[in-house]
Amino acid sequence: MRSKNAAFTLIELLVVIAIIAILAAILFPVFAQARDKARQTACLSNVKQIGTAFMMYAQDYDEYLPLTTYPVVANTWTDQAQPYIKNRQVFRCPSDRSQNWTTPQATPSSILDPTPPVLRRASYFLNAYMSGSSQYANLAGVAAPASVIYLGESQDGVTRDHFHPFNWNQETPANPLYSGFMHGATFDDAKNETKELALRRHADGSNFVYLDGHAKWSKWTQVWWQRPAEGVWQGSFDPRQP
């Protein structure tokens, strides 16, 4: 007697393929979210280490904070903070897609970027409100350090090491640099955001370091607000908070 070979029918194969496709459609976004969450956590660990390094630096220099690439490129905080970190890998966010980590990028000669071409220094920018000869460049000059953002995640590819929140508002007509730093037509435009920081790099938010050294993830709308009566125009980025 001949044995009959067992086999799937065409209907059964189609049903199996359909089930696999449904499972893939459900699971792939979950896997992608888990991967992005892992990158966000690794980035948060990076900025926590950088925040600790800033506090150690300030203790060694009478509460003065590190300098930036402006006006002297060699003064970049990425070099000044290195003795307290001893690892340049923490300067790079896992979600940073910049291509100029190993190949210098040509940049225009302007206040926005140093020249000649240089490598990307870090995935993070220091708040220029608190650098150089500013009255806020010393911890004693800031009334509420735990409420002021000192470091934020930078846009991909940019070669400088700081951002300029004092150029984000249009409330002062004498500010001709606004369009160079912001998107949108007005300050209240829903699409309006800074061209300097990667504000939606992690789950529609970004990791920030505050002036007291602590770090946390926040959405752009949670950290950018105004209190004109108190002279605060750039929200958590503004050291003039009472």
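Structure values in brief
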{"quantity": "Scan of the stretch 212-236 for residues that are surrounded by 16 or more Cβ atoms within 10 Å (Cβ to Cβ), touching a Gly at 6+ places or on another chain (Cβ under 6 Å), within 15 Å of residue 166 (Cα to Cα) and not aliphatic (A, V, I, L, M), ordered by number", "calculated": "224"}
{"quantity": "Of the criteria (1) open to solvent by 80 Å² or more (accessible area, probe 1.4 Å); (2) modelled with pLDDT under 95; (3) more than 20 Å from residue 149 (Cα to Cα), which one residue 75 fails", "calculated": "(1)"}
{"quantity": "Some residue of the stretch 154-168 being of a type outside the set (Asp, Glu), closer than 15 Å to residue 239 by Cα, open to solvent by less than 70 Å² (accessible area, probe 1.4 Å) and at pLDDT below 90", "calculated": "yes"}
{"quantity": "Matching residues in the stretch 38-62 - criterion: being among the aromatic types (Phe, Trp, Tyr) and in contact with a strand residue (DSSP E or B) (Cβ under 8 Å, 6 or more places away or on another chain)", "calculated": "54"}
{"quantity": "Residue check for residue 81: touching a residue at least 60 places away in the same chain (Cβ under 8 Å) and more than 17 Å from the chain's Cα centre (by Cα)", "calculated": "no"}
{"quantity": "Scope the stretch 26-38; condition of a type in the set (A, V, I, L, M, F, W, C) and at pLDDT below 85; matching residues", "calculated": "26, 27, 28, 30, 31, 32, 34"}
{"quantity": "Condition broken by residue 88, with the remaining ones in (1) open to solvent by 40 Å² or more (accessible area, probe 1.4 Å); (2) touching a helix residue (DSSP H, G or I) at 6+ places or on another chain (Cβ under 6 Å) satisfied", "calculated": "(2)"}
{"quantity": "Answer residue from the stretch 68-85, given it is part of a loop (DSSP other than H, G, I, E, B) and not hydrophobic (A, V, I, L, M, F, W, C) and is farthest from residue 218 (Cα to Cα) among those", "calculated": "71"}
{"quantity": "Conditions (1) at pLDDT below 95; (2) under 30 Å from residue 135 (Cα atoms): number failed by residue 97", "calculated": "(2)"}
{"quantity": "Where a residue in the stretch 132-143 is in contact (Cβ under 8 Å) with a residue 60 or more places away in the chain and on the phi > 0 side of the Ramachandran plot and its partner, wherever it lies, is assigned to a loop (DSSP other than H, G, I, E, B) and not hydrophobic (A, V, I, L, M, F, W, C), with Cβ under 9 Å and at least six apart", "calculated": "132/68; 132/70; 132/71"}
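Yes/no per residue for (1) part of a helix (DSSP H, G or I); (2) modelled with pLDDT under 90; (3) within 36 Å of the chain's Cα centre (by Cα):
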{"residue": "3", "(1), (2), (3)": "no, yes, no"}
{"residue": "8", "(1), (2), (3)": "no, yes, no"}
{"residue": "24", "(1), (2), (3)": "yes, yes, yes"}
{"residue": "40", "(1), (2), (3)": "yes, no, yes"}
{"residue": "49", "(1), (2), (3)": "yes, no, yes"}
{"residue": "58", "(1), (2), (3)": "yes, no, yes"}
{"residue": "66", "(1), (2), (3)": "no, no, yes"}
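The values are calculated or read from the model by the stated rules, or taken from the named source; none is laboratory data. Predicted model only: the values in this text are computed from it and were never measured. We place every Cβ from the backbone using ideal geometry, glycine too, and count neighbours over all the protein chains shown. Keep in mind that these areas ignore ligands, DNA and RNA; they rest on the heavy atoms of the full protein, side chains included. Shrake-Rupley method; radii C 1.70, N 1.55, O 1.52, S 1.80 Å.
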